[in-house]
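These notes are about the structure you will find just below.
The values are calculated or read from the model by the stated rules, or taken from the named source; none is laboratory data. Bear in mind that the values here come from a model prediction, so they are computed numbers and not experimental data. So basically every Cβ, Gly included, is an ideal-geometry build from the backbone, and we count neighbours across all protein chains shown. Ligands, DNA and RNA are stripped out before the accessible areas are found, and what is left, the full protein with its side chains, is counted by its heavy atoms. Shrake-Rupley method; radii C 1.70, N 1.55, O 1.52, S 1.80 Å.
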Amino acid sequence: MKHKLYAAYCALAILAFMTANYRGFAASSLFRTEHRQQQDQNHYHK
Amino acid sequence: MVDDISHPTEPDKAAFRPGPVQTFSCPNCGGVIGIRALGITINAVCESCGSIVDVSNENLRIIETAAVKAQAAQIPIGSRGTLFDTEWEVIGYMIRSDGSGRYLWREYLLFNPYQGFRFLTEANGHWNFIKNIRVAIETGGSSRIVELDERQYRLFEQGRAVVRYVMGEFYWRISVEEDTAVADYVAAPHILSKESSDGDIMWSQGIYMPHREIGNAFKLDKLPAPKGIAPNQPSPYTGKLGQIVNVFLVSAGLLLATQLFFNERAADRVVFDRKIQAPASARDQLLISEPITLTGGLANTVVMAKSNVSNNWVELDATLSNDVTDASDSATLPIEYYSGSDSDGPWSEGGQTTEVAFSSVPGGEYHLQVEVDAGAFAEGKPVDLQVKVIRDAPIWANFWLTLLLLLPYPAWALIRHWIFVLKQWSESNTGSVSNLTRTT
């Protein structure tokens, strides 16, 4: 039973992976450093 | 293998009818001694006085008088139960212990007129179904491994086995305090035991039996639950682990195939590529690119920077701005490269290239704004830079992140399995810690 739940979890993870790739998401962007956050915010709220 | 143990010859699934029980009078107390395996049984124990009587001839000689008081067996003598499609009758029962007498286990002699004899052993609520085998197994040298039927068994424990109590009948000459050298080799759920006495070696082969199966077979409701872990008890996680690992491998394969598909269809187009020399006066000044056209819908966009710094650093703050919507995204691209040599030889760290990916950037007209700072600026020196913008690049970060999300459950299952095996082998008295790495 547990391995079936795990299989469902894997299927969801792969589906999320496909969607992310299709929409141009880059996971590395989650971990990048931004030293000038204040300036970035200014950009977004221009 | 189970079939090998239970059916050495052509299986006879017919249950045998209750046969006549031949009775004798105990020469010691006059009590009744019943013999179920007539013609095969050599020694029988008087249920009344506990004397061991030689019933192989008409003289009924007393071999041993009882030294200990009667002890009840969990499966009473005369009980019948079906195991491996054969009905067995319990005809003998004995309690044995290790040399110290602290560790006790119980052995039941089973009989079926068509199949012969088998044993059920029980220790701490763990049961094994055992058959004596007539094979020559090589155990020479320092090897802790023996092989039988293409299965490797590892030495788990060795010591003495002393008979402490007997009841019922036996097809060999039995004696309380009889002492034999024993060695148990395991390949869960199988066990191979060697008993040596007076130069004779007897091998037996067994399989672990869940206590509920024994209870069901002999219709016993209250068999105690097992305590601890038996030497040949199969890990309860082995089957689940296999299924989980299979699911993981299939998922990882599917994930890789999907990644390769996306790599193949990625445009991977360089939309901006400039080499510039930033003078020291450029510190904190905004360098703005010419317009960059990003085509298509949502796609990642990678900004790559390269500088041939040596024992120095450069840092770029890059902002990609949409000319129409003013939406922008920023990131820092640090470049640092140091090298030298010391007593350990030449060394280097860092690199001269770095890149950053912007997620889900819509198509449109953009400008790249870059602010540069560098270690060389403090010395008034310029730095050479190359900046590239790549649209819809193949990116592996999503693949690794997803793979990381798939890993914890198989890893947890593997850890639980290993904890079980470590606990199991911590009971081994052969000091074979090295066996642990070879057990699973």
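Here are some notes:
- Derived value for region B:124-173: Kirkwood hydrodynamic radius 14.6 Å. Basis is the mean of 1/r over every pair of different alpha-carbon atoms.
- What a 1.4 Å probe finds exposed on region B:11-234 is 47% carbon and sulfur by accessible area, rounded to a whole percent.
- Reciprocal of mean inverse Cα separation for region B:17-61 (Kirkwood radius, Å): 10.5
- Orientation-averaged projected area, Cα convex hull of the protein assembly as shown (nm²): 36.1
- Centre separation in Å (Cα based) which lies between region B:113-163 and region B:72-106: 16
- For B:Tyr103 and B:Asp200, the difference between the fully extended length at 0.36 nm per residue and the C-alpha to C-alpha distance is 32.5 nm.
- Accessible surface buried once B binds A (1.4 Å probe; total of both sides; Å²): 3300
- With a 1.4 Å probe rolled over the protein heavy atoms of all chains, the accessible area of B:Cys49, B:Cys29 falls in the order B:Cys29, B:Cys49, largest first.
- Taking one quarter of the surface of the convex hull spanned by the alpha-carbon atoms of region B:98-207 gives a direction-averaged projected area of 7.7 nm².
- Panel values: chain B, Kirkwood radius from alpha carbon pairs, Stokes-Einstein at 10 °C and 1.306 mPa s, translational diffusion coefficient 55 µm²/s.
- Heavy atoms of B:Met202 accessible to a 1.4 Å probe, total area in Å² rounded to 10: 80
- Inter-chain neighbour count for B:253-260: the average number of beta-carbon atoms from partner chains within 10 Å of each residue's beta-carbon is 2.
- Solvent-accessible area, 1.4 Å probe, carbon plus sulfur percent, for region B:268-393: 47
- P(r) weight above 26 Å for region B:11-234, C-alpha pairs, percent: 38
- Here B:Phe111 sits with roughly 20 square angstrom of accessible surface, probe radius 1.4 Å.
- Shielding of peptide A:4-16 by partners, expressed as the average count of other chain Cβ atoms within 10 Å per residue Cβ, is 5.
- Extension gain (nm, one decimal) between B:Asn132 and B:Ser348, 0.36 nm per residue minus Cα-Cα: 71.1 nm
- When the alpha-carbon atoms of region B:268-393 are used, the pair Rg, Dmax equals 16.0, 57 angstrom.
- Applying a 4.7 Å Cβ-Cβ cutoff to the protein assembly as shown leaves A:Cys10 as cysteine residues with no disulfide-compatible partner.
- Rolled with a 1.4 Å probe across the full set of protein chains, the surface gives B:His417 an accessible area near 20 Å².
- Calculated [θ] (222 nm, deg cm²/dmol) that DSSP helices of n ≥ 4 give over the protein assembly as shown, each run adding -39,500 (n - 2.57): -6500 deg cm²/dmol
- Taking all C-alpha pairs of region B:175-223, those more than 13 Å from each other amount to 68 percent.
- Length added when fully stretched, B:Lys222-B:Asp149, from 0.36 nm per residue minus Cα-Cα: 22.7 nm
- Exposure here means at most 16 other Cβ atoms within 10 Å; with trypsin sites (Lys or Arg not before Pro) in a DSSP loop as sites, the longest stretch of chain B lacking them is B:228-440.
- Calculated from the alpha-carbon coordinates, region B:197-337 shows an Rg and a Dmax of 33.6, 98 Å respectively.
- B:Gln158/B:Tyr114 FRET efficiency (R0 41 Å; Cβ-Cβ; nearest 0.05): 0.75
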